[in-house]
Amino acid sequence: MEERKKKRIILIGRSTAGKTTLCQRLNHEELNYCKTQTVQIINRNMIDTPGEYLERRGFRGALMVSSTEADLIIFVQDATENGTMFPPQFGTMFAKPCVGVVSKIDIATPQQIADAEAFLRAAGAGRIFRISSVTGEGVKALAEELEA
């Protein structure tokens, strides 16, 4: 039986958006918060980036360089954040498919979730997944997308 190859992904979002926690959930690991200081390759198919690469304009070029090995760009937006760090049409700089992940839906209001989705659409995300890495809600649909 032929094993399906997972897409190689890069996760981009501000600090505390939930990128590392999402990686842990997707890999069925214990959730353990740790601040990502540098680009991390996880299980050869996930590229976890520091939030500062998005937050500081001068570091955004590092996201472009880091994304060259990825098949799919994932923008992670914390639903509880008021505002976004993603510039309009940010996804166009990658020339690769971009999807959005609204994180922390278990602690957000419906309006916050809707606002987060709007931020991701404005940034250029196509499909958008609503997830909670803590409860696992929505993670299965995202994992299926990564194996498609």
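Where a number appears in this text, it was derived from the coordinates with a stated rule and is not lab data. These numbers come from a predicted model, not from an experiment. Virtual Cβ from ideal backbone geometry, glycine too; neighbours counted across all protein chains shown.
Equivalent ellipsoid of the chain: semi-axes from √(5λ) of the C-alpha gyration tensor, largest first, are 20, 19, 15 Å. For GluC sites (Glu not before Pro), the sites in the range 69-128 that DSSP calls loop and that have at most 16 other Cβ atoms within 10 Å are Glu69. With the charge dipole of the chain set up from +1 on Lys and Arg Cβ and -1 on Asp and Glu Cβ about the Cα centre, the Cα lying farthest toward the positive end among the listed residues Asn27, Asn45, Met64 is that of Met64.
Under the simplified labelling scheme, the Asp71-Lys7 pair shows an inter-label distance of 0.8 nm, with each label point 7 Å from Cα along Cα→Cβ. Its Cα centre serving as origin, the range 24-99 has a Cβ charge dipole (Lys and Arg +1, Asp and Glu -1) of approximately 240 debye.
Note on Asp106 and His28: with the Förster distance fixed at 22 Å, the Cβ-Cβ geometry gives a FRET efficiency of about 0.75. A helix-only calculation puts the chain at -8000 deg cm²/dmol for mean residue ellipticity at 222 nm, using -39500 (n - 2.57) for each DSSP H run of at least four residues, averaged over all residues.
At a Cα cut-off below 20 Å, give the aspartates and glutamates reachable from Lys104, other chains included and same-chain residues fewer than 8 away excluded. Result set, ordered by chain and number: Glu29, Glu30, Asp48, Glu52, Glu55, Asp78, Glu81, Asp115, Glu117, Glu137, Glu144, Glu145.
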